[in-house]
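This report concerns only the one structure given below.
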Amino acid sequence: MKTGGALRERLFEAWIELRENPGRSFLQALGVMLGVAAVLGGFSISDSQRHQAETLFARIGGTDKLNVLPTDTAWQGTPSALQSANRGLRLDDATGGRELASASAVNAVSVLRDVRARVRSEWADQEREVSGIGADYVAMNGYDLEQGRGFSTHDLETGAPVAILGAQAASDFFPTGEIVGKPLRIGDTPVRVIGVFAEKTFRFREGQENMFAWRNRVILVPSQLVATRMEGDDYHRLDRVTFRVPDLAAMADFSRELSSLVTTNHRLQEDFRLEDVAKRMDRMMSQADVYNVIFLLSGVLALLGGGMVNVNIQLASLKERVREVGIKMALGAPSREIFLGFMTEALLLSLLGSGAGFLVGILFSWVITDAIGIPLMLSPLSFVWATLLALVFGFLFALYPAAKASRQSPMEALRYE
């Protein structure tokens, strides 16, 4: 109870001192306010961009994916005979990946084969890109059916002449709205539309074009249909194979085994590359980490400058309060109490400056995020970091003036004019 009463008394005295000297208190709090605003504003802007990026990846099916992509073997010159004889990325690579020892970590596999073809309906005739897909492609890429049904296992295994259209493709080829069950000709292959995807929309910034516009133009058919009837490809070549590995800790082992398998399948020719989507996102997020460091350093510099100003102001104010210190000591206040009184005043000033810095930081980050067109995200951790920095610097820079005040001689303090 004694400790609590002493603390309340010190807080009350500190508040009276700050209130009676508003100009001096404002100058002392200004450095704290700017430092806190820089840290909070910078972290909030980075958090907002990070959240938008995470939302983007979530909308396209998540980051727990490993892509296998073919590469151009001729980019350094004429390919060798062995390279030319290679059959490239194909369905065997996807099925072989599911049989690896580490494949227990894989819960889905997607294959993709793109082909350019003339697409015709009763209302439209256009040159379009058509995608041949496998069983897990739709779920792994975040598509939702709005009409009709998805591909059945039988459709995919037999290469049935059926198609699913994106929202924009459906309106282009069937503007009347009657879509499911309608015939469509892709190249020389007649197919039947069995489903339509819901429209996908995502804008990283307000006013930006829809980043998913191309997803609304897709025309999907079974990859087996593309291989057998559209291209006559006995090897079932692919443009991409994607494995979903929810346990990211198992990703490294699976990547090594898969790389070894595909290299063997491709006659020891590295005509492919592996792309870890989670690592790609981490590289993108590392840019936000750089901005965090920059804003953190800006905040630290502001707090350093404000701290040095505070030291000078506190030393100057100490000269005005020498007699006050002497009277307290003469009445029995120990040096420790004088020291704690000055420290309490400094920390209270840091807290008040932090509160004002929160308002400035929120306003600053809101203006910036509104200007670039992304929603503002405020993380509690940003407030914690900003407050801790303000208190640490407030404590460190108050040590010398508080120690000097506590070492005053009562007799000399009382005689001070």
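When the Cα atoms of the stretch 151-203 are enclosed in a convex hull and the volume is divided per residue, what value in Å³ results? Can you show the working numbers first?
Values: hull volume 5.6 nm³, N = 53.
Considering the Cα atoms of the stretch 151-203, their hull volume per residue is 105 Å³.
Three principal axis extents, largest first, for the C-alpha atoms of the stretch 344-414, in Å?
Cα spread of the stretch 344-414 along its principal axes, largest to smallest: 64, 19, 13 Å.
I need the peptides 18-28, 182-192 ranked by packing, meaning the mean over residues of other C-beta atoms within 10 angstrom, with the highest value on top.
Numbers: 18-28: 14.8, 182-192: 16.6.
Packing order, densest peptide first, comes out as 182-192, 18-28.
Scan the chain and note any complete DSSP helix (H) whose C-alpha atoms cover at least 18 Å along its axis and whose Kyte-Doolittle average is 0.5 or more.
Numbers: long enough: 2-20 (27 Å, -0.61); 22-59 (52 Å, 0.36); 251-265 (21 Å, -0.03); 277-320 (64 Å, 0.64); 335-372 (54 Å, 1.39); 380-406 (37 Å, 1.53).
Helices meeting the criterion: 277-320, 335-372, 380-406.
Counting DSSP beta bridges with both partners in the stretch 82-201, what percentage is antiparallel, nearest 5?
Antiparallel bridges make up about 80 percent of those DSSP assigns within the stretch 82-201.
Using a Förster radius of 35 Å, what is the FRET efficiency between Phe202 and Val293 based on their Cβ-Cβ separation? Nearest 0.05, please. Provide the component values of the computation, followed by the final result.
Values: r = 29 Å, r/R0 = 0.82.
The formula returns an efficiency of 0.75 here.
What nm value, rounded to one decimal, do you get for the distance between Ala330 and Ala403 when each label is placed 7 Å out toward the C-beta?
For the pair Ala330/Ala403, the computed spacing is 2.8 nm.
Which label marks the calculated value of Cα extents along the principal axes in Å, given the options (i) 95, 63, 33; (ii) 88, 47, 47; (iii) 107, 52, 46?
It is the one labelled (iii).
Give me the percent of accessible area attributable to carbon and sulfur for the chain, probe 1.4 angstrom.
Numbers: 12210 of 21260 Å².
Carbon and sulfur together cover 57 percent of it.
The values are calculated or read from the model by the stated rules, or taken from the named source; none is laboratory data. Being a predicted model, the structure only gives us computed values, none of them experimental. Note that we place each Cβ from the backbone using ideal geometry, even for glycine, and neighbour counts take in every protein chain shown. For accessibility, only protein heavy atoms count, side chains too; no ligands or nucleic acids. Shrake-Rupley method; radii C 1.70, N 1.55, O 1.52, S 1.80 Å.
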